[in-house]
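> Below is the structure I would like to discuss, written out as structure tokens.
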Amino acid sequence: MRKTWLLPALMALTLATACGVQPTGVVPAGPGPSIRATSGPALVNGLTLYFVSEGRVIPVTRPSEGYISPEGAITLLLKGPTEREAAQGITTFVPPELGRVKVYPGDPASLALPFSVRILSDQAINQLVCTVITASTANSRTPHSPAVNVISPGENVLFQSCKAD
């Protein structure tokens, strides 16, 4: 006998708890979702490079279109911060005369330096490593290693992760 009144009681309770909610009009919430390719030469909203601010390695996103390879990202990193970025206190510890840096794809990717890694500061190494990792994973569907093999002449391979804020 209890079961026959339980359902109507629950329905009445549900209706009572909904009282007081006022309907609203259409609320604008920005643009709708979009679909974009996740691999190959696709439009990219921005390229993330890593620079230094107050001694910490930080990501800086620049607008870009099209695929930019990890080596292309390193080339942009070597050019240093833009005037606007520099005015905001952003700098680089990567020397512009770094020379030819080669990035080999893989999981993990490898960053080959033309000289000893020991001449670079920790911030400079992180700028390079973080930029390579981000550029390598920007247009890939498969997860990549969170680190890069750093190769320099006559030294052991350094397996370095991105240590940025």
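The values are calculated or read from the model by the stated rules, or taken from the named source; none is laboratory data. Just so it is clear, the structure is predicted and the values come from calculations on it, not from any experiment. Ideal geometry is used to build each Cβ from the backbone, glycine not excepted, and the neighbour counts take in all protein chains shown.
> Take the residues in region 121-140 that are out of contact with any helix residue (DSSP H, G or I) (no Cβ under 8 Å at 6 or more places or on another chain) and of a type in the set (A, V, I, L, M); name whichever of them is farthest from A164 (Cα to Cα).
Per the stated criteria, the residue is A138.
> Can you tell me which residues in region 54-107 are more than 20 Å from S121 (Cβ to Cβ), touching a residue at least 60 places away in the same chain (Cβ under 8 Å) and among the hydrophobic types (A, V, I, L, M, F, W, C)?
Across region 54-107, the qualifying residue is only I68.
> Which condition number in (1) modelled with pLDDT of 90 or more; (2) charged (D, E, K, R); (3) within 16 Å of R56 (Cβ to Cβ) is the one that K163 fails?
(1)
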